[in-house]
Structures are given as structure tokens and as C-alpha cells.
Amino acid sequence: MIGDRHFIRIALEEAEMGYKRGEVPVGAVITLGGDILAKAHNSSILMEDPTAHAEIMAIRRAGARVGNYRLLGTTLYVTLEPCIMCAGAIIQARISRVVFGAPDPKNGAVTSLYNVFDDKRLNHSVEVTGGVLKKKCGEILSRFFQEKRVMSTS
């Protein structure tokens, strides 16, 4: 059986594509029954759109693929813990499960800064698994921001 690590590795490939384009390197994959519905990476700079996070882009593509804005029974794999905006989109799309790599202590809305999915007042619950390939997912982000700091001081 294909596991969480497999799909996080594919999300890391997406993050690498974003990295090469100068985007914050976050990648996402949405699956249904072990099949990939959509893949994406951050595209906010390229698209001049603050909502073009990897998760949002993947949700849009998956919805178009299945012909529905509801993504019932799907799993979203993402290299970085989702932010508040993405957590809201995950709830609206009715994604069943989120698997993420690195936690995001500054913006994470799933386990770090907020626990949005734990709010019982919401009409949808999401199962969460965090820390899958945490080190690899964190390394690409660290490398990206380290290079940005070096470039800004030279």
C-alpha cells in the first residue's frame, strides 16, 4: 500500500518546482483512494495572487478534475502546515484528511499557532497527521529563506 511518505515526497517535488521559480517552496498533493487528483506548489508571486498557496491551487485543480467543489473522501498532503486561509479552504472543500510535513510556528493553523480543525462549532472535521518527512520538508524552506537573507545583504 502506498503510504503518507510517498505522497509527501511528491509534494516535495512540487515544492522544489516552486523553489526554482522563486516561490516559497511549499508543495501539495490531493489524493482520492490512492490516486492523485491534483498537485501544485505556491504560485503567489507568479500569479500576483496572495491566495495562490499550494493547498488552494491543488484544491482548485482537484475540484475541476472531479467536477465538484466538494472533495469528500480526499487527503491533502502538504509540505508545510496549512495557514488559516488554507485551513478554511480545506474545510469548505470538505477534505477528509490533511497530512503535513513541517510545522509552521508563525502561521500554522492546524497544530502550531491555531487548531482550527479542532473547533467543534465548525460543520466539518478533518483528520490530521503532522510531521511526515518533517526534516526534509523543513530543509527546503530553510535553504530558501537562507538564500533570500544572503541575497538581501549583498
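If we restrict to alpha carbons, what Rg and Dmax does the stretch 1-153 come to, in Å?
Just the Cα atoms of the stretch 1-153 yield Rg and Dmax of 14.5, 47 Å.
How far apart, in nm, are the 7 Å Cα→Cβ label points at ASN107 and SER152?
Result: 1.4 nm between the two label points.
Where both partners of a DSSP beta bridge lie in the chain, what percent of those bridges are antiparallel, to the nearest 5?
60 percent
Just how far, in whole angstrom, is the stretch 1-50 from the stretch 73-122 if you go by their alpha carbon centroids?
15 Å
In terms of the ratio Rg/(2.2 N^0.38 Å) built on C-alpha atoms, what value belongs to the stretch 12-51?
Normalised Cα radius of gyration, the stretch 12-51: 1.23.
Once you put a point 7 Å from the Cα of MET85 and another 7 Å from the Cα of MET47, both along the Cβ direction, what distance in nm separates them?
Reported label-point gap for MET85 and MET47 is 1.0 nm.
With the other protein chains left in place, how much accessible area per residue, in square angstrom, belongs to the stretch 4-72 at a 1.4 angstrom probe?
51 Å²
Helix-only mean residue ellipticity at 222 nm, the chain, DSSP H runs n ≥ 4 weighted -39,500 (n - 2.57), per residue, nearest 500. What is it?
Helices in the chain give a 222 nm mean residue ellipticity of -13000 deg cm²/dmol.
Sequence gap at least 6, Cα distance under 8 Å: using those rules, report the relative contact order of the chain to the nearest whole percent.
Relative CO of the chain lands at 20 percent.
Write down the accessible area per residue of the stretch 82-154 in Å², having rolled a 1.4 Å probe over the full set of protein chains.
59 Å²
With a cut-off of at most 15 other beta carbons within 10 Å, and DSSP calling the residue loop, which chymotrypsin sites (Phe, Trp or Tyr not before Pro) in the stretch 1-88 qualify? Please list them.
Taking the stretch 1-88 and a limit of 15 other Cβ atoms within 10 Å, the loop chymotrypsin sites (Phe, Trp or Tyr not before Pro) found are TYR69.
Principal axes first, then extents: for the Cα atoms of the stretch 26-109, list largest minus smallest coordinate on each axis, whole Å, largest first.
On the principal axes, the stretch 26-109 reaches 31, 25, 19 Å in Cα extent.
On the protein heavy atoms, probe 1.4 angstrom, tell me the percent of accessible surface of the stretch 4-150 carried by carbon and sulfur.
Result for the stretch 4-150: 53 percent of the exposed heavy-atom area is carbon or sulfur.
The values are calculated or read from the model by the stated rules, or taken from the named source; none is laboratory data. Everything numeric here is computed off the predicted structure, so don't read it as measured data. When we count neighbours, we look across all protein chains shown, and the Cβ atoms used for this are built from the backbone with ideal geometry, even at glycine. Keep in mind that these areas ignore ligands, DNA and RNA; they rest on the heavy atoms of the full protein, side chains included. Shrake-Rupley method; radii C 1.70, N 1.55, O 1.52, S 1.80 Å.
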